[in-house]
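Contents: one structure, followed by commentary.
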Amino acid sequence: MKEYLKLRSWIRLRFSYFFWGLFFMLLSALFNSVSLTAVVPLIDRVFSKKEIVLQKNLPPFLMAKGERFTALLNSFPPLVILKWLLLIIILLLLLKGFSTFYQVYFMRHFGQRAITDLRNRLYGHLQILSLDFFYQGRLGELMARITYDVGLLETAISEAISNLIFKFLTVLLYLFILFFISWKLAFFSLFVLPMLSFPILRIGRHLRKIALLLQKKMADLTTILQEKIGSIQIVKAFTAEEREKAIFSQENEKFFRLMLKQIKRISLLSPITEFLGAGGGAFLIYFGGKEVLSGRLSTGVFLLFLVALFSIISPIKGIATANAQIQAGASALPRIFEILEEKNEVVEKAMAKELPGLKEIEFSRLSFGYQKKEILKDINLKLKAGEAIGIVGSSGVGKTTLINLLLRFYDPTDGAILINGEDIKNFKLKSLREKIGLVTQEPILFNDTIRNNIAYGKPEAIEEEIKKAAKIANIHTFIETLEKGYETIIGERGARLSGGEKQRIAIARAILKNPPILVLDEATSNLDSESEKLVQEALSRIMKERTSLVIAHRLSTIRNVDLIIVLKDGRIEEQGTHQELINKKGLYYHFYQLQGEETG
Ligand SMILES: Nc1ncnc2c1ncn2[C@@H]1O[C@H](COP(=O)(O)OP(=O)(O)OP(=O)(O)O)[C@@H](O)[C@H]1O
Ligand SMILES: [Mg+2]
């Protein structure tokens, strides 16, 4: 319960709905038990044609009133009683129906509102978390937490808690009826209740453990699905279908076996309770029957007793189920809180400023490593607004890492990046990233129309702007050839486009945003010379009049930049213009020669 209350620190719980639900719940339980009691005079007066007698154990002040009331009832002819009581019972049940409706409606409103808010909270928090978080964890597990765990919580909050209260209330009312009729019989019959609850409690404990394991297994399955369906092309290309099928079916089988365990226990719950209940019931009918035969109890009252007793079984079972669901929800809660409590590695300072117009970018004594291993060491670099710089180096040397730091996807372990002489940590994240247009190494597109993909950084862009950006990126002509043009849906991750097309759409997206700083991580993907030329053209067009950082795998891209730096072992090994570096006959020259051989 403590866990559940902790929810309040993350979302606003609308308790007013909860209390209205409770109110109607009370009404519903009341109408139910009163309509049940109305059966007594019906049976005694109409079917057994006897006088209705009052229980002798009423307090004195009720006794007088009660006797007058029964006398009144007895004075009516049975037929009148039959008509009126049936009418009253129907009316009561109608009222009960209304109350039940509002009870369920309000309670579920309370729960669903909370869950919806929680999902928003979770998604919102994920948007804020640094890249690091997503790369270290398994995406599938994250998905499982947001779907499966939140689902468990949903059942707990929107059904189980109200069920628990309602069933508890019903049990109390029935208990009252039972004890009112005959405390001896009630006491006797309730002697079996502890016997009932013992096995149920035990099973409940097991169920909680199994629920936890099921969550884990579901996460495993989701991870496999995500990964392997997402990379289906590789699976097929390496003819690993059979192997993947086997791996999946193995995990699926484990889930199945665990599920069976759960099913076994859940389905054991009701027969066990029912059997024990029936055993107790037989005893009861024997003793109660003797009371009726001896005239100490009227048939109607005894029947009411039996009905109340049997009716108590179902809510008790309901309590057990609701309890199990609440436990399952409670086990999901810490996993949800874990995400919500996940700290952001890259934090924005409280006093962060807007980034003013760009004059200069400087990397100063910059060092960085993802975990222990140092990737970049003591990088010093300065570029003025309007300049273009090319970054070269062998694969894995840390080129992408360098620009990840500029966008503050990560923070340096030592040194700093300064803009206009001020640490970028002093600027608002939004303000910093707004100024940078990023074309990533692997173009990342959404499963949406081409138009929306290009306009992602500027949703309010008009038709003309979008087309203009596409033209600069050399992709407009291609888009026009498509049947639906800019409205073409491009499939997940742009699956229906070629590498070059994706890249040029990503470039158009960066252009449309019209940022003062441009960061291009040129892809190594093998573009044919035609599309390479198109991409090259697009790049050189947009690098004009902007401050650009270009990671180049094809050295021709950066032939005309102001400065080229060559990274080796995390340090700047060489720097200079293209011609200077060629003359130097160092590492750059070496790369240049290699590429020369490749292309011709
Ligand atoms: N999120 C990460 N966590 C841990 N290590 C990482 C992470 N991203 C990259 N690395 C490692 O950091 C090193 C530098 O990676 P980076 O992506 O910067 O290389 P790169 O120079 O861009 O290479 P390429 O030319 O192949 O794109 C690599 O050894 C890589 O394995
Ligand atoms: Mg890279």
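None of the figures in this text is laboratory data; all of them are computed from the coordinates on show. Because the structure is predicted, anything quoted here is derived from the model rather than measured. Note that each Cβ is placed from the backbone with ideal geometry, even for glycine, and that neighbours are counted across all protein chains shown.
Out of the GluC sites (Glu not before Pro) in segment 442-482, which ones are loop residues according to DSSP with at most 16 other C-beta atoms within 10 Å? Intermediate results must be reported in sequence, preceding the final value.
On the way: sites: 460, 463, 464, 465, 480; in loops: 460.
For GluC sites (Glu not before Pro) across segment 442-482 that sit outside H, G, I, E and B with at most 16 neighbouring Cβ atoms in 10 Å, the list reads 460.
A 31 angstrom limit on the alpha carbon distance is what I want to check against. Which of 373/502; 245/399; 399/502; 353/382; 217/458 exceed it?
Working: 373/502 33 Å; 245/399 38 Å; 399/502 21 Å; 353/382 22 Å; 217/458 41 Å.
Flagged as over cut-off: 373/502; 245/399; 217/458.
Going through segment 382-441, which GluC sites (Glu not before Pro) have at most 15 other Cβ atoms within 10 Å and a DSSP loop state? Show your work: numbers first, answer last.
Numbers: sites: 387, 422, 434; in loops: 387.
Passing both the DSSP loop test and the Cβ count: no residue.
For segment 102-160, just say rounded, prolate or oblate: build the C-alpha gyration tensor, square-root its eigenvalues into a ≥ b ≥ c, call rounded for a/c under 1.5, and beyond that prolate if a/b exceeds b/c, oblate if not.
Working: a/c = 5.94, a/b = 2.36, b/c = 2.52.
Judged from the Cα gyration tensor, segment 102-160 comes out oblate (a/c at least 1.5, b/c at or above a/b).
All other residues with a Cβ under 15 Å from the Cβ of residue 585 taken together, and with Lys, Arg as +1 and Asp, Glu as -1, what is their net charge?
Numbers: positive: 584; negative: 573, 574, 580.
Charge balance in the 15 Å sphere: -2.
Sticking to Cα atoms, compute the Rg of segment 360-599 to one decimal and its Dmax as the biggest Cα-Cα distance, whole number, in Å.
In order Rg, Dmax, the Cα atoms of segment 360-599 give 18.0, 52 Å.
Which percentage, to the nearest 5, of the DSSP beta bridges contained in segment 360-599 is antiparallel?
On the way: 19 of 37 bridges.
Once the DSSP bridges in segment 360-599 are tallied, antiparallel ones form about 50 percent.
Can you put 117, 414 in order, fewest other beta carbons within 10 Å first? Let's see the in-between values first.
On the way: 117 16, 414 13.
Ranked by crowding around the Cβ, least crowded first: 414, 117.
Quick one, could you list the DSSP H helices from the chain stretching 15 Å or more along their long axis (Cα atoms) with average Kyte-Doolittle hydropathy of -1.0 or above? Mind showing how you got there, number by number?
Numbers: long enough: 15-37 (33 Å, 1.47); 60-75 (23 Å, 0.23); 78-128 (74 Å, 0.79); 161-181 (30 Å, 2.32); 192-230 (56 Å, 0.48); 241-293 (75 Å, 0.02); 299-341 (62 Å, 1.22); 499-513 (22 Å, -0.13); 529-543 (21 Å, -0.32); 587-599 (18 Å, -0.91).
Span-like helices in the chain: 15-37, 60-75, 78-128, 161-181, 192-230, 241-293, 299-341, 499-513, 529-543, 587-599.
Check residue 518: other-chain or 5+ apart residues with amide H under 5 Å from its amide H, H built from backbone geometry?
437, 547, 548, 549
Where the centroid of each part is defined by its Cα atoms, how far is segment 67-134 from segment 293-356 in Å?
Result: 16 Å between the Cα centres.
Would you mind checking which residues have amide H under 5 Å from residue 427's amide H? H placed 1.01 Å from N; only 5 or more apart, or other chain.
353
Beyond 25 Å between alpha-carbons counts as too far, so tell me which of 228/264; 425/468; 471/544; 343/425 fall in that bin. All intermediate terms of the calculation are to be shown ahead of the outcome.
Numbers: 228/264 32 Å; 425/468 34 Å; 471/544 15 Å; 343/425 17 Å.
Long pairs (Cα-Cα over 25 Å): 228/264; 425/468.
Would you work out if segment 160-270 is rounded, prolate or oblate? Take a ≥ b ≥ c from the square roots of the eigenvalues of the alpha-carbon gyration tensor; rounded if a/c is under 1.5, else prolate when a/b is larger than b/c, oblate otherwise.
Numbers: a/c = 6.13, a/b = 3.57, b/c = 1.72.
Here segment 160-270 falls in the prolate category.
Among the trypsin sites (Lys or Arg not before Pro) in segment 317-360, which ones are in a DSSP loop with at most 16 other Cβ atoms within 10 Å of the Cβ? Mind listing them? Intermediate results must be reported in sequence, preceding the final value.
Numbers: sites: 317, 335, 343, 349, 353, 359; in loops: 343, 349, 359.
Filter output for segment 317-360: 343, 349, 359.
If you take every DSSP beta bridge whose two residues both sit in the chain, what share of them, in percent to the nearest 5, is antiparallel?
Numbers: 19 of 38 bridges.
Around 50 percent antiparallel, to the nearest 5.
Please give every one of the aspartates and glutamates within straight-line cross-link reach of residue 50, meaning a C-alpha to C-alpha distance under 15 Å, and leave out same-chain neighbours fewer than 8 residues apart.
Here the aspartates and glutamates satisfying the reach criterion relative to residue 50 do not exist.
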